[in-house]
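A.B. asks: Below you'll find the structure I mean.
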Amino acid sequence: MLSQKAKYALQALLALAELDEGDSLMIGDIAEKQRLPKRFLEQILLDLKHQGVVQSWRGKNGGYALLKSADKITFGEIVRIIDGPLAPLPCLSRMAYRKCDDCVDEERCAVRRVFASVHDATTEILDSMTLTRALNGGEVRELLRGTG
């Protein structure tokens, strides 16, 4: 399940993605526009800054802006930064693989097989959905058909 922190991060980034190049938004403006708790948003943006997703400036014309183009930032990247691996089972994770404690035979595990399909579809969608695509009304159905 997507954490509230990841949801807030995506909402904040979508607000920043709507800005014209060279513009920035103060945390308070993002919080107000997206109806997010300001104190929580401060920590989220700091995490995203440390990961090279956003940049910030101090002062009268300060604020936050995307460090990369909105068409290069995917939902998958942000969810991984905030929530960690996307895999629903530890035995499916590429970055944090761990054999399930109760596993007898990974290759024959029906639970693993079903969730591997879920994981593959989820990963494909999240890694294809950029901030730009989401703002432009990108449909998940288009991604699944390969027409997006």
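A.B. asks: Going through the stretch 5-44, which trypsin sites (Lys or Arg not before Pro) have at most 16 other Cβ atoms within 10 Å and a DSSP loop state? Please list the in-between numbers first.
C.D. replies: On the way: sites: 5, 7, 33, 35, 38, 39; in loops: 35.
Taking the stretch 5-44 and a limit of 16 other Cβ atoms within 10 Å, the loop trypsin sites (Lys or Arg not before Pro) found are 35.
A.B. asks: At 222 nm, what value in deg cm²/dmol follows for the chain if DSSP H runs of at least 4 each add -39500 (n - 2.57) and the sum is divided by all its residues, to the nearest 500?
C.D. replies: Values: 7 runs with 74 residues, N = 148.
Value at 222 nm, helices only, nearest 500: -15000 deg cm²/dmol.
A.B. asks: Taking the stretch 46-148, which chymotrypsin sites (Phe, Trp or Tyr not before Pro) meet the DSSP loop condition and have no more than 15 other C-beta atoms within 10 Å?
C.D. replies: On the way: sites: 57, 64, 75, 97, 115; in loops: 97.
Qualifying residues, ordered by number: 97.
A.B. asks: If you don't mind, another one. Can you give the Rg/Rh ratio of the chain, where Rg is from the C-alpha atoms and Rh is the Kirkwood radius?
C.D. replies: Working: Rg = 17.7 Å, Rh = 16.8 Å.
Reported Rg/Rh (Cα atoms, Kirkwood Rh): 1.05.
A.B. asks: Okay, next question. Which whole-number percent gives the relative contact order of the chain, counting Cα pairs below 8 Å spaced six or more residues apart? It would help to have the intermediate numbers written out before the result.
C.D. replies: Numbers: 160 pairs, mean separation 34.6, N = 148.
So the answer I get is 23 percent.
A.B. asks: Next question, about the same structure. Going by a ≥ b ≥ c, the root eigenvalues of the Cα gyration tensor, does the stretch 75-145 fall in the rounded group (a/c under 1.5), the prolate group (a/b larger than b/c) or the oblate group? Write down the numbers at each step before the final one.
C.D. replies: Details: a/c = 4.63, a/b = 1.94, b/c = 2.39.
In terms of gyration-tensor shape, oblate.
A.B. asks: Could you tell me whether the stretch 18-71 comes out rounded, prolate or oblate from its Cα gyration tensor? Rule is a ≥ b ≥ c as square roots of the eigenvalues, rounded for a/c under 1.5, then prolate if a/b exceeds b/c, otherwise oblate.
C.D. replies: Numbers: a/c = 1.40, a/b = 1.19, b/c = 1.18.
Taking the square roots of the gyration eigenvalues as a ≥ b ≥ c, the stretch 18-71 is rounded.
A.B. asks: Something else: Which trypsin sites (Lys or Arg not before Pro) does the stretch 98-139 hold that lie in a coil by DSSP with at most 15 other beta carbons within 10 Å?
C.D. replies: Numbers: sites: 98, 99, 108, 112, 113, 133; in loops: 98, 99.
Taking the stretch 98-139 and a limit of 15 other Cβ atoms within 10 Å, the loop trypsin sites (Lys or Arg not before Pro) found are 98, 99.
A.B. asks: Which aspartates and glutamates, if any, have their Cα less than 17 Å from the Cα of residue 38, not counting same-chain residues under 8 positions apart?
C.D. replies: Result set, ordered by chain and number: 29, 47.
Since every read-out is calculated from the coordinates, none of them should be taken as a lab result. Source: prediction; values computed, not measured. All Cβ positions, even for glycine, are placed from backbone atoms using ideal geometry, and neighbour counts span all protein chains on display.
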